[in-house]
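The values are calculated or read from the model by the stated rules, or taken from the named source; none is laboratory data. Owing to the predicted nature of the structure, the values given are computational and were not obtained by experimental measurement. Neighbour counts run over all protein chains shown; Cβ positions are idealised from the backbone, glycine included.
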Amino acid sequence: LYGTLTANAVRNVWAHAVIFCGHFPEGTDTFTEEMVEGETRGDWYVRQMIGSANISGSKFMHLMTGNLSHQIEHHLFPDLPSNRYAEVQPKVQEICKRYGLPYTTGPLLKQVGSTWAKIFKLALPPKKA
C-alpha cells in the first residue's frame, strides 16, 4: 500500500513538472480565445512555438519524460512519434532563429522555478494604474 502511494505521488509530481515546464515557464506566451480567432495556419505554427517550451537534458532525461521534454516539437507535430522529436529539434531551432522567434528551453530545475514564478505572478491581483 505504501509503495503504491509513494509510486503514485512520485509519478504525479514528475508528470506535473514535465507538463507545466512545457507550457508555463518564463519565455512562453499565453493566448486568449480572442487572440486566436481567425488565425492562419502559419499563425497557428508560430503560436505553438512561442507558447511552449522544452526541457534540456540527456537522452535519459528525454526518455524519462516520454520525450515530452521536447514540448515545442510535440506541439508543432502532434502526430509525429515522440522518439523523433530530437531529430526535428535542430530544424525547428533553425527556423526560430531565422525568423527571430524565441526557442525557450532550459534544464529541469530552471524550468520548474521559472514556471512557479510565472504562476505566482499570474495569480496575483492586477496592479492598479
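If you check 117, 129, which single one turns out to be surrounded by fewer than 16 Cβ atoms within 10 Å (Cβ to Cβ), out of contact with any strand residue (DSSP E or B) (no Cβ under 7 Å at 6 or more places or on another chain) and free of Cβ contacts under 8 Å to residues at least 40 places away in the same chain?
None of the other options fit; the residue is 129.
Could you list, in sequence order, the residues of segment 72-94 that are in a helix (DSSP H, G or I) and surrounded by 14 or more Cβ atoms within 10 Å (Cβ to Cβ)? Spell out how you get there, then give the answer.
Applying the first criterion (in a helix (DSSP H, G or I)) to segment 72-94 yields 72-76, 82-94.
Correct list: 72, 73, 74, 75, 76, 82, 85, 86, 88, 89, 92, 93.
Just to be sure before I move on: is residue 2 of a type in the set (Phe, Trp, Tyr) and surrounded by 14 or more Cβ atoms within 10 Å (Cβ to Cβ) in the structure I sent?
Answer is no for this residue.
Output the residues belonging to segment 58-94 that are aliphatic (A, V, I, L, M), without any contact (Cβ under 8 Å) to a residue 24 or more places away in the chain and farther than 27 Å from residue 13 by Cβ.
80, 88
Restricting attention to segment 110-129, and to residues there that are of a type in the set (D, E, K, R) and not in a helix (DSSP H, G or I), which single residue is nearest to residue 13 (Cα to Cα)?
Step one: filter segment 110-129 for residues of a type in the set (D, E, K, R), giving 110, 118, 121, 127-128.
Subset that is not in a helix (DSSP H, G or I): 127-128.
Details: 127: 32, 128: 35 Å.
Restricting to residues being of a type in the set (D, E, K, R) and not in a helix (DSSP H, G or I), the top hit is 127.
Could you check segment 95-114 and list, in sequence order, the residues that are surrounded by 15 or more Cβ atoms within 10 Å (Cβ to Cβ) and hydroxyl-bearing (Ser, Thr, Tyr)?
Those that are surrounded by 15 or more Cβ atoms within 10 Å (Cβ to Cβ) and hydroxyl-bearing (Ser, Thr, Tyr): 103, 104, 105, 114.
Can you list the helices (runs of 4 or more DSSP H) lying wholly within segment 11-71 that have 3 or more residues being modelled with pLDDT under 95 and on the phi > 0 side of the Ramachandran plot?
On the way: elements: 33-36, 41-50, 59-64.
Fully inside segment 11-71 and qualifying: nothing.
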